[in-house]
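In what follows, a single structure is set out as structure tokens and then discussed.
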Amino acid sequence: MGSTRDHRLAGRIGRLGTETAFAVSAEADEWQALGHTVYPFHLGDLDLPTPQNVVEGAERAIRDGKTGYCPNAGIMPLREALAADVGGSHGLSLGPENVAIEPGGKPVIGKFVLALMDPGDEVLYPSPGYPIYESQIEFHGGVAKPYGYVPGADDFELDWDSLERQVSPHTRLLLFNNLQNPTGAESSPEELERLAGFVLAHDLLVLSDEAYWDIRYAGTSRSLASLPGMAERTVILYTFSKKFAMTGWRLGAAIGPRWIVDVIARLNVNDESCSNHFVQYGALEGLTGEQSGPREIVRVLRERRDAAVDILTTIPGVTCYRPDATFYLYPEVTGLMEHKGFTSYEQLRRTALEETGVSFCTRLHFGRELPGEERRYVRFAYSGISTERIEEGLGRLKAWAEA
Ligand code: PLP
């Protein structure tokens, strides 16, 4: 069927964005199908297996008949276990009433916005950032107000100028992703404190996207929700996707004040009724059972990070931090693009794919560019490619850059 009936679509569909990393992935697959070698650094998916005890927990649940509907906010033992786990790691007193189980972390974004933003309200969100923020704000009739990051001594830092410029009396929400996709940025305690002050001063409600909380190689994760005055105005986006290599299982949670979580659970009733019943028993086993699975995932990812950073930092015209968390690198490639004579991101991305097989996303896949952005960046995800292939692919990229 053609698209001749587009004029019958609802107006809001024109404001619905997408996750263009999936398009890069499809393009890389096409290139590979033509017989070329591809080194996949484009998608934040994991090529590692879900821990065996999680698989067995879900299998057992299927055999035990956990195949009907379950409560809209999720099974009670999982809500209790998550409240204890996240409460413990965040220093918060949480109960099951603070937890709504969701079919992934991603649905929390749209439901948070839908629950708390009226059309015309302004919402602060990071750009570069996870592209679904911008899409969901605009789809639901809000005004998307991007804030940025700037390079610091050994990590990216929040761009306070952009935050101060974008906030107004109409701003209702702040979407914040510490341990950030795509930059790998992590806020210092001082930066988190300053942000909490900003939130209070402007009376904002916060979505704290903590998708990468447990994907860390040194230090301890910190949350904005743990700071004084924040818990009562913050919803945490939790996901099982990354920690337990469960991206395709689709399970996450919204964790926060009961008055918001209750509304999110009511949105569940209207959307999917409940998250997959037996999958929740697998996740319960993951949270409460033995932990060698997630430890092994982090061990492998750390090895990959080091292999990738070790090579990227030797490529002329490329600079790259070594983030302690996430599985992303966000190297600056301004010099490389100048050296190659490339004027557009797409020229860089497409030529690198065709001449080296290395496939990655660029700044453009993570929201609109902000005024005054002069430096050029690309994103490498190392979650779906082995250390050996990282070395091979980035070795090729290096030779190509030097040519
Ligand atoms: N938030 C961020 C920052 C992400 O990068 C992702 C996935 O890549 C998600 C949320 C959602 O992941 P999921 O829906 O698999 O939990």
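The values are calculated or read from the model by the stated rules, or taken from the named source; none is laboratory data. Here the structure is a predicted model, which is why all the values come from computation and not from measurement. We place every Cβ from the backbone using ideal geometry, glycine too, and count neighbours over all the protein chains shown. Only protein heavy atoms, including side chains, enter the accessible area calculation; ligands, DNA and RNA are left aside. Shrake-Rupley method; radii C 1.70, N 1.55, O 1.52, S 1.80 Å.
Structure values in brief
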| read-out | value |
| --- | --- |
| Candidate residues Leu267, Leu34: accessible-area rank, largest first, probe 1.4 Å | Leu34, Leu267 |
| Taking the stretch 257-403 and dividing mean pair separation by its residue count, relative contact order in percent (alpha carbons under 8 Å, at least six apart) | 25 |
| Relative contact order %, the chain, counting alpha carbon pairs below 8 Å whose residues are six or more apart | 25 |
| Charge context of Pro96, other residues only, Cβ under 9 angstrom, K/R +1, D/E -1 | -1 |
| Per-residue SASA entry for Lys106, accessible area with 1.4 Å probe, Å² rounded to 10 | 70 |
| Electrostatic dipole magnitude of the chain [Cβ: Lys, Arg +1; Asp, Glu -1; Cα centre; debye, to 20] | 680 |
| Two-site FRET efficiency, Arg60 against Glu338, from Cβ-Cβ distance with R₀ of 45 Å, rounded to 0.05 | 0.20 |
| Integer Hz, Karplus 6.51/-1.76/1.60 couplings in order for the stretch 288-299, x for Gly and Pro | 9, x, 6, 10, 5, x, x, 5, 5, 4, 5, 4 |
| Under 16 Å from the Leu114 label point (7 Å along Cα→beta-carbon), backbone N, the stretch 271-287 | 271-276 |
| The chain, accessible area per residue, ligands and nucleic acids excluded (1.4 Å, Å²) | 42 |
| Estimated distance in nm for a label pair at Glu30 and Leu370, the labels positioned 7 Å out from Cα along Cα-to-Cβ | 3.3 |
| Between the stretch 359-403 and the stretch 173-195, the Cα center-to-center distance that results, in Å | 22 |
| Carbon and sulfur %, accessible surface of the stretch 180-324 computed with the full protein complex present, 1.4 Å | 51 |
| Ser292 versus Trp160: modelled label distance in nm, points set 7 Å from Cα along the beta carbon direction | 4.8 |
| Inter-label distance, nm, simple model (7 Å from Cα along the C-beta direction), Ala399/Tyr69 | 6.0 |
| Shape call, the stretch 43-201: gyration tensor on alpha carbons, a/c limit 1.5 | prolate |
| Radius 12 Å from Cβ of Ala218, net charge of other residues (Lys, Arg +1; Asp, Glu -1) | +1 |
| Amide H partners (placed H, <5 Å) of Thr319, local residues excluded | Glu332 |
| Surrounding net charge for Ser168, when Lys and Arg each add one and Asp and Glu each subtract one, Cβ distance under 9 Å | 0 |
| Backbone HN-Hα couplings from phi across the stretch 65-79 [Karplus 6.51/-1.76/1.60, Hz, Gly and Pro as x] | x, 7, 10, x, 4, 10, x, 4, 8, x, 6, 4, x, 6, 4 |
| Set of lysines with alpha-carbon distance to Lys243 below 17 Å, sequence-local pairs under 8 removed | Lys106 |
| Interchain or long-range residues, amide H under 5 Å from Val206's placed H | Leu174, Thr234, Val235 |
| Viscosity 1.002 mPa s, temperature 20 °C, Stokes-Einstein D of the stretch 45-103 from Kirkwood C-alpha radius, µm²/s | 161 |
| Cut-off under 5 Å, modelled amide H: who pairs with Tyr377 long-range | Val333, Arg363 |
| Selection from Phe366, Ser292, Gly384 lying farthest towards where the dipole of the stretch 285-390 points positive, charges on Cβ | Phe366 |
